[in-house]
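First up is the structure itself, then whatever we jot down about it.
Rule-based calculations on the coordinates, nothing more; no lab input. Remember, it's a predicted structure, so these values are computed and weren't measured experimentally. Heads up, the Cβs are rebuilt from the backbone with ideal geometry, glycines too, and the neighbour counts pull from every protein chain shown.
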Amino acid sequence: MLHYSAERKTLEDGRESGVGIIMVDEKSIGYNISAGNLVLNEKIELLKSNCEKINSMSRDELKAYYQRQLRSNRPEESKGAGVGLIDIARKSDGPLSYDISPVDDKHSFFTLSVYFTKEN
């Protein structure tokens, strides 16, 4: 999600980083973790389709998809390996839940929530 952020901040070392929010809600047997950031509306369909595609996959399919993405050629302007959402889904104990709230004609606020069970 960091790379999708429409809001950017320049760090002390001169690199740019996305701006967002992370919330952790501890439950008796696990954690609900939500992350959100401002995104350009032109990125919404891509985010939605990525989440839906990932949610439709079994654990084995996610593993294979993750490996394919790592080996695939990424566009030059891409900042990551394209595996962030896949990795989150592989490690979580439920589907990716997302919400998109329009902010203005160019931006929306994208929230991703996942559940992780506590380990004994």
Non-local Lys pairs in the chain, i.e. 8 or more apart or on different chains, that have alpha carbons under 23 Å apart: 21
For the chain, with only Lys/Arg (+1) and Asp/Glu (-1) charged at the beta-carbon, what is the dipole magnitude about the Cα centre, in debye rounded to 20? 440 debye
Relative contact order (%) - criterion: Cα under 8 Å, at least six apart; region: the chain: 29 percent
Note down the nm distance, to one decimal, between modelled labels 7 Å out along Cα→Cβ at residue 87 and at residue 29. 2.8 nm
Out of all Cα-Cα pairs in segment 2-117, roughly what percent, to the nearest whole number, are more than 23 Å apart? 36 percent
When the helices in the chain are scored as -39500 (n - 2.57) per DSSP H run of 4 or longer and the sum is shared across all residues, what 222 nm value do you end up with, to the nearest 500 deg cm²/dmol? -8500 deg cm²/dmol
